[in-house]
């Protein structure tokens, strides 16, 4: 078991194809990050996030033979989680919201998106910016979360969302622009 | 959290969930690429038809139609095929983007590769004559298509505009009797000024194109005669100076 823990993701994938127990190690490695990613994208309770995460793991397990080892396993797993979240919201016909972020996650997102230092912002101001971020379309919200909360590199975001690098860069820039526009519309001046 | 891992493993075992076989993913990938190749091949067939339609026309007659090269070009463009080609190219582009790693390719590289693919296969299809054959098939099967596409036949069956084409029935002195493409009979008068292209053979059964003036429903005065295929220049380097003046009494 200790030996299996030392295996790389790609080696664990090969092992999991033959033995489901090995898949447990992969789940152990990624359950935390995927749980938080799903929580950040949705407004679900922890139990519901866990249900969704289980669906993601089952999907990953069923698709193990489709995994391309040229890709980072984490990017591939995030991609499946992203698709599963989209499917989930399609099923329940509602738009995801991002008010499930923790305070430290909001700080990261706001600081990176509008270059607002935490110590310069008052609580009221931060609340208003949060409300603006919640109003952003899903495509901008998700990419800002991936970049500034998950701290993913452009290459990883490309692989997760299956979008060209230029499109990723454009979406990030437009997301920031949209946020600033919304702040201006609501006369939020925190600088 | 620990429960989630165990619960998931239990579910996998109890419900006998297994990784889907590799061949399934592989066949899906191969299927998509076969689809892309089929779309590119169809685009190649379309471009060979476009080439066939444009190459069969005589591009030096636009001054006689009181047009410049630009307006003439616009009037004979096969828009239906060009629009279809654009749709196919877009479809191929989007399909490549949707492949497993398609999002990683530079869009210019995809566009360039599709263009090269269409042109290369299109060149081959043109060489074996499938473009012309496909166009012929469309002309027979789809009357609406036949009415709306600019063809060599249409270009040369405008006697009122000075263009006539047909098969020589008899040659008598300076007069040719021809059956035009609609099977009407014409008497074509040749004069001392009539220019006959070098490769034209004025004999029964030969198909020719005539530039001139329509006198009435059956009479036409020729100012130039060309063979049905090509412009009758007999190879490169031979210009108007090489042409014969057909002079008969």
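For the range B:60-68, does any single residue satisfy the condition of being more than 30 Å from residue B:208 (Cβ to Cβ), in contact with a helix residue (DSSP H, G or I) (Cβ under 7 Å, 6 or more places away or on another chain) and assigned to a helix (DSSP H, G or I)?
No, every residue in the range B:60-68 fails to be more than 30 Å from residue B:208 (Cβ to Cβ), in contact with a helix residue (DSSP H, G or I) (Cβ under 7 Å, 6 or more places away or on another chain) and assigned to a helix (DSSP H, G or I).
Residue under question is residue B:74, and the condition is that it be surrounded by fewer than 18 Cβ atoms within 10 Å (Cβ to Cβ), away from every other protein chain (no Cβ under 13 Å) and modelled with pLDDT under 95; does it hold?
Considered against the rule, which asks whether it is surrounded by fewer than 18 Cβ atoms within 10 Å (Cβ to Cβ), away from every other protein chain (no Cβ under 13 Å) and modelled with pLDDT under 95, residue B:74 comes out as yes.
Can you tell me which residue among B:53, B:57 is in a helix (DSSP H, G or I) and outside the structural domain of residue B:197 (by TED's automatic domain parsing)?
It is B:53.
If I filter the range A:171-184 for residues that are closer than 26 Å to residue B:94 by Cβ and either touching a strand residue (DSSP E or B) at 6+ places or on another chain (Cβ under 7 Å) or in a loop (DSSP other than H, G, I, E, B) (or both), do I get at least one hit?
No, the range A:171-184 has no match at all.
Test residue B:53 against the criterion of being more than 14 Å from every other protein chain (Cβ to nearest Cβ) and surrounded by fewer than 18 Cβ atoms within 10 Å (Cβ to Cβ), and give yes or no.
no
Anything in the range B:149-200 that is in contact with a helix residue (DSSP H, G or I) (Cβ under 6 Å, 6 or more places away or on another chain), buried (at least 20 other Cβ atoms within 10 Å of the Cβ) and at pLDDT below 90? List them, or say none.
none
Scan the range A:12-35 for residues that are in contact with a helix residue (DSSP H, G or I) (Cβ under 9 Å, 6 or more places away or on another chain), without any contact (Cβ under 8 Å) to a residue 12 or more places away in the chain and more than 8 Å from every other protein chain (Cβ to nearest Cβ) and report the count.
Within the range A:12-35, residues that are in contact with a helix residue (DSSP H, G or I) (Cβ under 9 Å, 6 or more places away or on another chain), without any contact (Cβ under 8 Å) to a residue 12 or more places away in the chain and more than 8 Å from every other protein chain (Cβ to nearest Cβ) number 2.
With within 14 Å of chain A (Cβ to nearest Cβ), over 34 Å from the mean Cα position of the chain (by Cα) and more than 23 Å from residue B:124 (Cβ to Cβ) as the only criterion, which of B:98, B:13 stands out?
B:13
Tell me the residue from A:47, A:68 that is free of Cβ contacts under 8 Å to residues at least 12 places away in the same chain, assigned to a helix (DSSP H, G or I), farther than 21 Å from residue A:151 by Cα and within 11 Å of another protein chain (Cβ to nearest Cβ), please.
None of the others qualify; the one that does is A:47.
Within the set of pairs 6+ apart or on separate chains, which have a first residue in the range B:16-29 that is within 8 Å of chain A (Cβ to nearest Cβ), a second that is part of a loop (DSSP other than H, G, I, E, B) and modelled with pLDDT of 95 or more, and C-beta atoms under 7 Å apart?
What qualifies is B:20/A:63.
Only one of these is assigned to a helix (DSSP H, G or I), modelled with pLDDT under 90 and within 12 Å of the chain's Cα centre (by Cα): A:133, A:80, A:157, A:145. Name it.
None of the others qualify; the one that does is A:145.
Evaluate the following for residue A:54: is it farther than 18 Å from residue A:149 by Cβ, within 10 Å of chain B (Cβ to nearest Cβ) and either out of contact with any strand residue (DSSP E or B) (no Cβ under 8 Å at 6 or more places or on another chain) or part of a helix (DSSP H, G or I) (or both)?
Answer is yes for this residue.
Residue B:103 fails exactly one of the following numbered conditions: (1) loosely packed, with under 14 Cβ neighbours inside 10 Å; (2) within 14 Å of another protein chain (Cβ to nearest Cβ); (3) free of Cβ contacts under 8 Å to residues at least 60 places away in the same chain. What is the number of that condition?
Here residue B:103 meets the rest and fails (1).
Can you tell me which of B:105, B:163 is over 20 Å from residue B:50 (Cβ atoms) and in contact with a strand residue (DSSP E or B) (Cβ under 7 Å, 6 or more places away or on another chain)?
Answer to the check: B:163.
Taking residue A:189 as meeting all but one of (1) in a helix (DSSP H, G or I); (2) modelled with pLDDT under 85, write down the number of the exception.
Going through the list (1) in a helix (DSSP H, G or I); (2) modelled with pLDDT under 85, residue A:189 breaks only (1).
The values are calculated or read from the model by the stated rules, or taken from the named source; none is laboratory data. Keep in mind it's a predicted model, so treat the numbers as computed, not measured. Please note: Cβ atoms are built from the backbone with ideal geometry, for glycine as well, and neighbour counts cover all protein chains shown.
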